[in-house]
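The values are calculated or read from the model by the stated rules, or taken from the named source; none is laboratory data. Note that the structure is a prediction, hence the values are computed from the model and not measured. Heads up, the Cβs are rebuilt from the backbone with ideal geometry, glycines too, and the neighbour counts pull from every protein chain shown. Surface areas here come from the heavy atoms of the whole protein model, side chains and all, with no ligands, DNA or RNA. Shrake-Rupley method; radii C 1.70, N 1.55, O 1.52, S 1.80 Å.
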Amino acid sequence: MLQYQGKAVFKAIAIGKLKIVQHREVTAVTKSGTPAEEEQKYLAAKAKAKEQIHNLYQSTLQSVGEKNAEIFEVHALMLEDEDLHDAIVSKIREGIAAEIAVEDSGFETAQIFAAMEDEYMRARSVDIMDVCRRVVDNILGREEKTIRLEEPSILYSSDFTPSEVVNLDKSKVLGFITILGSTNSHTAILARTLALPSVVNMRENLDMQYDGKMCVLNGITGEIFIDPDKTTLEKYEKLQAELAEAKIRQEAVRGKKSITQDGEKIAVYCNIGGVKDCEKVIENDGEGVGLFRSEFLFLESKDYPTENTQFEVYKQIASMMGDKLAIIRTMDIGADKQADYFHLPKEENPALGYRSIRICFDRPEIMHTQLRAIYRASHYGNVAAMIPMIIAVEEVLWVKEIAKKVREELKQEGIPFNAEMQIGIMIETPAAAICSDLLAEHVDFFSIGSNDLTQYTLAVDRQNEMLEKIADTHHKALLRLIEMVVKNAHKANIWAGICGELAADLSLTEFFVGIGIDELSVSPPYVLPLREKICNLTAKNCKIKKYL
């Protein structure tokens, strides 16, 4: 039996035969035409690729919905990228064959993306390679390669391109394993959409001799077992059955409130990154949106998004969620989320650097524009604004002064808005947690960003894989800070929630209920498991001392 470890993407168990998928490499040619002839071959292949991508968008739209189809809109933009085009044409004019020019330029561009700090942008490197491989195939007259499955299988490869994934027979896919990739790769996104167990970043190459071997994929821990022994196989067959039973139990709490046995209500909201994610909130019975990451509007734009551009997006979210609260976080650009047009300086330690509200201090028009858009959207639903990376009362007062000015402007202009819209802050730094008693006097709510609070409290860079073992999310220092924040919030008669990954950690739900947390915001698939856990607890019996 072989055992490996990767990063879990979707919490489920897969048991079945392993299918090793090998990607073909481009074979260097010995003959090529003149540069002019090679350039025409490239342009014709590019035009054909454009049509193919359009067709893929349409078929994906029908099979797995608009959210997953959007990746091919990104591919269309990548295909037309001027820098990539210029690099290819430059190589061709130097006498390099068209297919080699495309392959080399694609690889170079993909390496740039792979080196980016933002995980979402790193994940786009495989999309660049997918687009370029498509053009190369067209140049060489090769038919698009599809993965054929004879029986239900767990698929393994270095990574899977979006084109490969959407063309799969989903009824025969038990799960995915990738050597590379991230939790933001298209494979991971689709795995979550289809509720398929998946493990990425395994970092081990398997020989073809293991093709067809029995495999166990643990999407909870990220463990992988190939050719498992009888004991291991029986263990995971039992766990798989237990998870299936748990899913049936969880469906029983659909449509119910998240209330403990003794009547304490904890709102279970969802974290989302786009309008279409609201569908997942509704589908998974989320009680609201605890975090809308508005920075994706900035990351997907070539310039600062206008007030109207932002307003239309926020209005859609407000309308889709109706009476349910939708909290919009103001942009969190910087650190691992970079947008070129911000022209941010290179920093030695970006996680502790020029990001989020700190940028807005120097460019207040960003905050002003965004708050105008959020206030306007508040007329169409139950909207709130949330400010990240706060460390001092003075920063809150600065934001509130802009909010006051915005309200006065909208009133003078006759634009409807909710003058009582809540404005809260994220507690992400030890400074904010320790001063939470002071901050609570000036805001409507706290939302604890446990991802950043963990790294800042423990001085552990969450992007550094070598430090994963000591990035203890159950560290007593972290949990003590969270308890302090909740206590200080309640003393000031405001509510407190958690919107980081810790909110979905069922081993800490007892602790959160015990300290009186008011809200937990998680990815949509975790709503029902969390609600089931809450409904089975009795708040007054929750023991918190053992965690502290």
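Give the residues of segment 250-276 that are touching an Asp or Glu at 6+ places or on another chain (Cβ under 8 Å), outside any loop (DSSP other than H, G, I, E, B) and open to solvent by 20 Å² or more (accessible area, probe 1.4 Å), sorted by residue number.
Answer for segment 250-276, where residues must be touching an Asp or Glu at 6+ places or on another chain (Cβ under 8 Å), outside any loop (DSSP other than H, G, I, E, B) and open to solvent by 20 Å² or more (accessible area, probe 1.4 Å): Gln250, Tyr269.
Between residues in segment 99-116 that are under 25 Å from Pro35 (Cβ atoms) and residues that are assigned to a loop (DSSP other than H, G, I, E, B) and open to solvent by less than 40 Å² (accessible area, probe 1.4 Å), which pairs lie under 8 Å by C-beta distance while being six or more apart or on different chains?
From segment 99-116, the pairs are Glu99/Val26; Ile100/Val26; Glu103/Val26.
Among the numbered criteria (1) modelled with pLDDT under 85; (2) surrounded by fewer than 21 Cβ atoms within 10 Å (Cβ to Cβ), which one does Pro162 miss?
(2)
Scanning segment 8-47 for residues that are among the β-branched types (Val, Ile, Thr) and modelled with pLDDT of 80 or more, which turns out nearest to Asp227 (Cα to Cα)?
Going through segment 8-47, the residues among the β-branched types (Val, Ile, Thr) turn out to be 9, 13, 15, 20-21, 26-27, 29-30, 34.
Pick out the ones that are also modelled with pLDDT of 80 or more and you get 9, 13, 15, 20-21, 34.
Details: Val9: 22, Ile13: 16, Ile15: 11, Ile20: 14, Val21: 18, Thr34: 53 Å.
The selected residue is Ile15.
Using the structure shown, decide if Tyr375 is aromatic (Phe, Trp, Tyr) and open to solvent by less than 10 Å² (accessible area, probe 1.4 Å). I'd like the intermediate steps shown before the answer.
On the way: aromatic (Phe, Trp, Tyr): yes; open to solvent by less than 10 Å² (accessible area, probe 1.4 Å): yes.
Against the criterion (aromatic (Phe, Trp, Tyr) and open to solvent by less than 10 Å² (accessible area, probe 1.4 Å)), Tyr375 qualifies.
Suppose the filter is at pLDDT 90 or above, open to solvent by 30 Å² or more (accessible area, probe 1.4 Å) and acidic (Asp, Glu); does Glu279 pass it? Can you show your working first?
Numbers: at pLDDT 90 or above: no; open to solvent by 30 Å² or more (accessible area, probe 1.4 Å): yes; acidic (Asp, Glu): yes.
It is false that Glu279 is at pLDDT 90 or above, open to solvent by 30 Å² or more (accessible area, probe 1.4 Å) and acidic (Asp, Glu).
Being part of a helix (DSSP H, G or I) and modelled with pLDDT under 80 is the filter here, so list the residues in segment 48-70 that pass it.
Taking segment 48-70 and keeping what is part of a helix (DSSP H, G or I), we get 48-64, 66-70.
Ser59, Thr60, Leu61, Gln62, Ser63, Val64, Glu66, Lys67, Asn68, Ala69, Glu70 - these are the residues of segment 48-70 that are part of a helix (DSSP H, G or I) and modelled with pLDDT under 80.
Pairs under 9 Å by beta carbon, first residue in contact (Cβ under 8 Å) with a residue 60 or more places away in the chain and more than 25 Å from Asn271 (Cβ to Cβ) in segment 522-548, partner of a type in the set (Phe, Trp, Tyr) and open to solvent by less than 30 Å² (accessible area, probe 1.4 Å), six or more apart or different chains?
Once the first residue is in contact (Cβ under 8 Å) with a residue 60 or more places away in the chain and more than 25 Å from Asn271 (Cβ to Cβ) and sits in segment 522-548, its partners that are of a type in the set (Phe, Trp, Tyr) and open to solvent by less than 30 Å² (accessible area, probe 1.4 Å) give Leu548/Phe511.
Would it be correct to say that Tyr236 is more than 25 Å from Met466 (Cα to Cα), of a type in the set (Phe, Trp, Tyr) and open to solvent by less than 20 Å² (accessible area, probe 1.4 Å)? First the steps, then the outcome.
Numbers: more than 25 Å from Met466 (Cα to Cα): yes; of a type in the set (Phe, Trp, Tyr): yes; open to solvent by less than 20 Å² (accessible area, probe 1.4 Å): yes.
Criteria met by Tyr236.
Looking at segment 98-117, is at least one residue open to solvent by less than 50 Å² (accessible area, probe 1.4 Å) and outside any helix (DSSP H, G or I)? So that I can check it myself, show each step before the final result.
So in segment 98-117, the residues open to solvent by less than 50 Å² (accessible area, probe 1.4 Å) come out as 98-103, 105-106, 109-110, 113-114.
Restricting the remaining residues to those that are outside any helix (DSSP H, G or I) gives none.
Looking through segment 98-117, none of the residues is open to solvent by less than 50 Å² (accessible area, probe 1.4 Å) and outside any helix (DSSP H, G or I).
Among what's in segment 128-147 and is over 21 Å from Ile71 (Cβ atoms) and in contact (Cβ under 8 Å) with a residue 12 or more places away in the chain, pick the residue that is most open to solvent (accessible area, probe 1.4 Å).
Step one: list which residues in segment 128-147 are over 21 Å from Ile71 (Cβ atoms), which gives 139-143.
From the residues that got through so far, the ones that are in contact (Cβ under 8 Å) with a residue 12 or more places away in the chain too are 139-140.
On the way: Ile139: 29, Leu140: 66 Å².
In this case the residue turns out to be Leu140.
For segment 283-326: of the residues being open to solvent by less than 20 Å² (accessible area, probe 1.4 Å), within 20 Å of Leu410 (Cβ to Cβ) and in contact with a Leu (Cβ under 8 Å, 6 or more places away or on another chain), which is modelled with the highest pLDDT? So that I can check it myself, show each step before the final result.
Filtering segment 283-326 down to residues open to solvent by less than 20 Å² (accessible area, probe 1.4 Å) leaves 286, 288-292, 294-295, 298, 305, 310-311, 314, 317-318, 321, 325-326.
Subsequent filtering for residues that are within 20 Å of Leu410 (Cβ to Cβ) retains 294, 305, 310-311, 314, 317-318, 326.
Filter once more, so that each one left must be in contact with a Leu (Cβ under 8 Å, 6 or more places away or on another chain): 305, 310.
Working: Pro305: 93, Gln310: 96.
In this case the residue turns out to be Gln310.
Of the conditions (1) within 30 Å of Phe296 (Cβ to Cβ); (2) among the basic types (Lys, Arg); (3) more than 19 Å from the chain's Cα centre (by Cα), Arg148 satisfies every one except a single condition; which number is it?
(1)
Got a sec? Which strands (runs of 3 or more DSSP E) wholly within segment 423-508 have at least 1 residues that are open to solvent by 10 Å² or more (accessible area, probe 1.4 Å)?
On the way: elements: 423-427, 445-448, 495-498.
The qualifying strands (runs of 3 or more DSSP E) are 423-427, 495-498.
Of all the residues that make up segment 188-220, how many are over 20 Å from Glu234 (Cα atoms) and open to solvent by 70 Å² or more (accessible area, probe 1.4 Å)?
Residues in segment 188-220 being over 20 Å from Glu234 (Cα atoms) and open to solvent by 70 Å² or more (accessible area, probe 1.4 Å): 7 in total.
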